[in-house]
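Working notes, structure below.
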Amino acid sequence: MSRMIGQDKFYALADEIISKTDNADVEINFFHNENALTRLANSTIHQNVLKDSTDITIRVSRGDQIGVASTNVVTPEGMFDCLMNALEIMKSSEPLEGFPGPAEPAEYKTNDTFVQATADFGPAERAKVAAEAIARGKEDGLILAGAVENTSGELAIVNSKGVRAYQQLASYGCNFVAMGEEKDDPPSGYAALVGRDVSNADFEGTYDRACRKAVLARNPVEIEPGEYDVVLEAAAFVELIEWFNYISFSGQAVQDGRSPLAGRFGEKITGDMVTIRDDAYSGNMLGLPFDFEGVPRQSLTLIDKGVANAVTQSRFSAAKEGVEPTGHGFGPGSMPSQSLPLNIRFNTGDHSLDEMVKKLDNGIQVTRFHYVNGLLDTRKAVMTGMTRDGAWIIENGEVKHAIKNLRFTDSMLECWKRIEALENVAHPHGAWWSAIGSYDVPAALIRKFVFTGKTGKGS
Amino acid sequence: MEHLPAAIDRLKQLGCDYADARWVERKNETIVLRNGRVEAVNRSTDSGVGIRVIADGAWGFAGVASLAEGDIIATAEKALEIAKASATTSREKVKLGDVEIYQDTYETPIEKDPFEIPLDQKIQLLTKVNDIISDHEKVVATEANCGALHVNKRFVSTEGADITQHLVESGAGYQVTTKDGDEVQRRTYPNSFRGDWATRGWEHVEEMKLLDHAEKIRDEAVLLLTADECPSGKRDIIIHGDQLALQIHESNGHPVELDRVLGTEISLAGGSFMQPELIGNLKYGSDVVNIYADSISPGGLGTFGYDDEGVKSTRTDIVKNGLFVGYLSSRECQALTGHPANGAMRADGWQNMPLIRMININLAPGDWELEDLIADSDDAIFMQTNKSWSIDDRRVNFKFGCEIGWEIKGGKLHRPLKNPAYTGITPEFWNSCDAVCNEKYWHIWGIPSCGKGEPMQSAHVAHGASPTRFRSVSVGGQS
């Protein structure tokens, strides 16, 4: 049972702290989070954990002089100590030229991001899902691993200018890897799910899909790297998009010149099929209607049919650019220049997954990637990573056989010019901020995807 | 933290197979200058209690941010309830290997408490660094940081353990980004991703000599803008210790975590090719490859007195003369496999359950002088400082990108190369190793951000390494 602290208590605590100082602006962020996770491996639960934490961050500023301190002691005394710490730091610190101070009060849209049933999902219920997944695996002689998780929490942003923003959040997630017990090249299949309302969660469909993939992944053959037409399922495609977001869409990355969008706004940088938005108000999982500075969260079209269009701005980075903040700042807990989209929506197409697979004469279907890294050359968005948990050669639109893992290395700006089709539905995916935001991404058919290496036995 | 024994007593009263309670208090300081401006001077404190229980042969864990006795006891009861829920799917009952039980204290030996160094002194140092690294028209961004961590811990168990520890960490680093047209390059010092960290006091930062290296690092970042692209093909490579640290981390440290080997990370981080039957049989590397794990190397970021299940710090051979001989283990893995717990169970704060984590995983120094190694290389590339990393889910196929490469021709550094990268298969790669530089070049690189587990935990680990040569490796930016 989740125990919420509540808007009234947060606001009262904040007001008390703000009243303690009259010679500095004060911003206070509360983030209370209750995270429960049941983890299984080798068809048994091996971790079952619950953590309940509240982080309070206070930023004080006088003009462009700032100080930041944080604590997890949610009492007037603990917060007062934190305030004093922040004030002491402010006195010793150097001015941050261009710091705009706290946000002014604003109206926020309403997003319902809390579901009581999700917050109340307990250890016995998570264990039941795990047990059912394990039983499903046994039907095909498969070992199950994965996790079933639910998170609930609340976020409050308060400042001495009068900002009052509060949001309750709940989300659930699960992921399953089904594996064969073969000694050499054990087959594996993967499926995952995230959402806000656990009462609608299709756990059964998710672990069943992982099991069916594992069965199809038996007896993989080794193929040589090279250029292949591919269908990247959404779980694979999202890993490329997640890295692209990380290296590209913050105002700071543009100001530093490392974003592929830097200096190219209005130019076509990738293919027509690529439209990427950040939108907290639509999609499978609604997001926060404000950022961690208390600025209303805008919806942005970041790339529009391949054309570089927009990036996010915190209040500080926006002031430096002479533009308006977009409502994506990370607030007192991070550096003032930091911002990032948290609700990425990749445009959908008009094909089903099966229809895209049928368009492959001689290609590869990929379930997901492992350990993608996008820092090789960020201007070109060069990324590398390995396939895992199921990849298949497709011949004449039919699954021919499973293959061993391959490494890809390619510039996403170039690769995405070769997107030929997108799935007609976007699937929700979590990230490390999944309690707050999410990715909605379809599967993609990409021509001449560049595989540069293959896995070895290792022994 | 005086209420831990009460929680343990309550769990004994309710009935459990085993329980331990950990109080952890962390005090953290971070200072960041971006483009010469102090963007962050943050201090945080965080404390709470995590309770781990085995009941009916299964694990349960709960953590709470409160230090009140009532909250801690309620959390203990919650952990017990969770353990009983876990037991409903248990195939085998959890057992813990026998270890010596300690009542002890440990403190990181330091010369200068980093929290005692005035803020303005730290900011002044970073400002001076910035003045140097920003002093060129091609420089578009700079960042300099330093930080400090105090950790206070107490561990109490139903077996009678009672251990308190006070750990101290310090670290610093900087990076400079240059741009010319569409070309963007970066150099960092002393290592990428927040620099270099150690379980030492402020003396660690002083010994980095941040200012002395600033001009060279800036000039290299500028030089890279006009450098040739790293060629593709097979080349001998010499890898600097700062990059080799991450190579050890990904291709040796993670695959010898025995919980991972036994499948407990399979759904997220993956498995390992270093299976138990390969102990004593796998020629992991050439004869000059000696890798060991320890939590006792002075200053190592993985150095402490006891791990988070009360096992005393120790040293374990992982690869001996190229042969795979050992694992990072835990009490549970000891009971399952016989590989003794070796002080590698660590949790990220009070909030998380301990997992097997790297400690200091070190490649023992060899006997080469770096100058001799370069002179002995006819056609090679010297690669330095990590830029990107990727490895498959069994830790076999890897690809790393570095910040800078130097082509070696006829035994001499010939020209700088941009975007150097190399790829390989773990045992093939380590078996191609034919030369390791001596202790003069050896350093324990502290990495304060190793991710593992669900919920994700971040561990502070370290890797001792010196420049090392590998023969005939696939190199090139997009190989």
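If I filter region A:94-105 for residues that are closer than 29 Å to B:G50 by Cα and either more than 8 Å from chain B (Cβ to nearest Cβ) or part of a strand (DSSP E or B) (or both), do I get at least one hit? No. Scan region B:82-98 and give yes if some residue there is more than 10 Å from chain A (Cβ to nearest Cβ), surrounded by 21 or more Cβ atoms within 10 Å (Cβ to Cβ) and in a helix (DSSP H, G or I), otherwise no. No, region B:82-98 contains no residue that is more than 10 Å from chain A (Cβ to nearest Cβ), surrounded by 21 or more Cβ atoms within 10 Å (Cβ to Cβ) and in a helix (DSSP H, G or I).
Candidates B:D20, B:D9: the one that is more than 24 Å from the chain's Cα centre (by Cα), closer than 18 Å to B:F155 by Cα and assigned to a helix (DSSP H, G or I) is B:D9. Among the residues of region A:255-262, are any basic (K, R) and either crowded, with 18+ Cβ neighbours inside 10 Å or within 22 Å of the chain's Cα centre (by Cα) (or both)? Yes, some residue in region A:255-262 is basic (K, R) and either crowded, with 18+ Cβ neighbours inside 10 Å or within 22 Å of the chain's Cα centre (by Cα) (or both).
Among residues belonging to region A:12-61 that are free of Cβ contacts under 8 Å to residues at least 24 places away in the same chain and farther than 17 Å from A:E77 by Cα, point out the one that is surrounded by the fewest Cβ atoms within 10 Å (Cβ to Cβ). Out of the qualifying residues, it is A:D22.
In region B:240-277, which residue that is hydrophobic (A, V, I, L, M, F, W, C) and within 16 Å of the chain's Cα centre (by Cα) is farthest from B:F382 (Cα to Cα)? It would help to see each step written out before you state the result.
Our first condition is that a residue be hydrophobic (A, V, I, L, M, F, W, C); within region B:240-277, this holds for B:244-246, B:248, B:256, B:258, B:261-262, B:266, B:268-269, B:273-274.
Now drop any that are not within 16 Å of the chain's Cα centre (by Cα), which leaves B:244-246, B:248, B:256, B:269.
On the way: B:L244: 12, B:A245: 15, B:L246: 16, B:I248: 17, B:V256: 28, B:A269: 30 Å.
Once the filter is applied, the top-ranked residue is B:A269.
Just one residue in the set B:A55, B:A74, B:A40 is modelled with pLDDT under 95 and among the hydrophobic types (A, V, I, L, M, F, W, C); that residue is B:A40.
Tell me, which residue of region B:451-466 that is assigned to a strand (DSSP E or B) and buried (at least 20 other Cβ atoms within 10 Å of the Cβ) is farthest from the other protein chains (Cβ to nearest Cβ)? Walk me through how you get there before you give the answer.
Here is the first cut: in region B:451-466, the ones assigned to a strand (DSSP E or B) are B:451-452, B:457-465.
The next check asks that each one be buried (at least 20 other Cβ atoms within 10 Å of the Cβ); those that pass are B:452, B:459-465.
Values: B:K452: 12, B:A459: 16, B:H460: 19, B:V461: 17, B:A462: 21, B:H463: 18, B:G464: 24, B:A465: 21 Å.
Selected residue: B:G464.
Only one entry of B:W389, B:W368, B:W430, B:W406 meets the criterion of being touching a Cys at 6+ places or on another chain (Cβ under 6 Å) and either more than 14 Å from chain A (Cβ to nearest Cβ) or in contact (Cβ under 8 Å) with a residue 40 or more places away in the chain (or both), and that entry is B:W368. So is B:D236 of a type outside the set (A, V, I, L, M), surrounded by 24 or more Cβ atoms within 10 Å (Cβ to Cβ) and closer than 25 Å to B:L373 by Cβ or not? It is false that B:D236 is of a type outside the set (A, V, I, L, M), surrounded by 24 or more Cβ atoms within 10 Å (Cβ to Cβ) and closer than 25 Å to B:L373 by Cβ. Scanning region B:6-31 for residues that are buried (at least 19 other Cβ atoms within 10 Å of the Cβ) and within 24 Å of A:S317 (Cα to Cα) turns up B:E29, B:I31.
Considering each of B:Q165, B:Q103, B:Q185 in turn, give the residue that is within 13 Å of chain A (Cβ to nearest Cβ), under 28 Å from the mean Cα position of the chain (by Cα) and either polar (S, T, N, Q) or at positive phi (or both).
Details: B:Q165 fails: within 13 Å of chain A (Cβ to nearest Cβ); B:Q103 fails: within 13 Å of chain A (Cβ to nearest Cβ).
Going through B:Q165, B:Q103, B:Q185 in turn, the sole match is B:Q185.
Of the residues A:K380, A:K404, A:K400, A:K417, which single one is in the same structural domain as A:R297 (by TED's automatic domain parsing), surrounded by fewer than 24 Cβ atoms within 10 Å (Cβ to Cβ), free of Cβ contacts under 8 Å to residues at least 24 places away in the same chain and at negative phi? Within the list A:K380, A:K404, A:K400, A:K417, the selection yields A:K400. One residue is enough: does region A:157-166 have a residue meeting the conditions under 30 Å from A:P325 (Cα atoms), among the aromatic types (F, W, Y) and more than 17 Å from the chain's Cα centre (by Cα)? Yes: region A:157-166 contains one or more residues that are under 30 Å from A:P325 (Cα atoms), among the aromatic types (F, W, Y) and more than 17 Å from the chain's Cα centre (by Cα). Look at region B:114-127: where a residue is within 12 Å of another protein chain (Cβ to nearest Cβ) and a partner is of a type in the set (S, T, N, Q), sitting 6+ places away or on another chain with Cβ atoms under 8 Å, you get B:P118/A:S92; B:L119/A:S92; B:L119/A:S93; B:D120/A:S92; B:I123/A:S92; B:I123/A:S93; B:L126/B:N145.
Out of the residues in region B:187-203 meeting the condition of being surrounded by 24 or more Cβ atoms within 10 Å (Cβ to Cβ) and of a type outside the set (S, T, Y), tell me which one is farthest from B:K122 (Cα to Cα). Applying the filter and picking the extreme gives B:R187.
Does any residue of region B:157-168 turn out to be crowded, with 24+ Cβ neighbours inside 10 Å and either charged (D, E, K, R) or touching a helix residue (DSSP H, G or I) at 6+ places or on another chain (Cβ under 6 Å) (or both)? Don't jump to the end; show me each part of the working.
Taking region B:157-168 as the starting set, the residues that turn out to be crowded, with 24+ Cβ neighbours inside 10 Å are none.
The answer is no, given that none of the residues of region B:157-168 is crowded, with 24+ Cβ neighbours inside 10 Å and either charged (D, E, K, R) or touching a helix residue (DSSP H, G or I) at 6+ places or on another chain (Cβ under 6 Å) (or both).
With the requirement that a residue be more than 10 Å from chain B (Cβ to nearest Cβ), buried (at least 20 other Cβ atoms within 10 Å of the Cβ) and on the phi > 0 side of the Ramachandran plot, what does region A:114-148 give you? If the condition is that a residue be more than 10 Å from chain B (Cβ to nearest Cβ), buried (at least 20 other Cβ atoms within 10 Å of the Cβ) and on the phi > 0 side of the Ramachandran plot, then no residue fits. The residues listed here are B:M358, B:M353; of these, the one that is facing chain A (nearest Cβ under 9 Å), crowded, with 24+ Cβ neighbours inside 10 Å and under 19 Å from the mean Cα position of the chain (by Cα) is B:M353. Scanning region B:391-423 for residues that are β-branched (V, I, T) and farther than 18 Å from B:E250 by Cα yields B:I404, B:I408.
Would you pick out the residues in region B:295-315 that are surrounded by fewer than 22 Cβ atoms within 10 Å (Cβ to Cβ) and in contact with a Pro (Cβ under 8 Å, 6 or more places away or on another chain)? Result: B:P298, single match.
Take the residues in region B:77-99 that are at pLDDT 95 or above and out of contact with any Gly (no Cβ under 9 Å at 6 or more places or on another chain), then tell me which one is farthest from B:G48 (Cα to Cα). In this case the residue turns out to be B:D98. Checking every residue in region B:119-137 against the condition of being farther than 25 Å from B:M1 by Cβ and of a type in the set (G, A, S) gives at least one match.
The values are calculated or read from the model by the stated rules, or taken from the named source; none is laboratory data. The model shown is predicted, which means the values in this text are computed figures rather than measured ones. We place every Cβ from the backbone using ideal geometry, glycine too, and count neighbours over all the protein chains shown.
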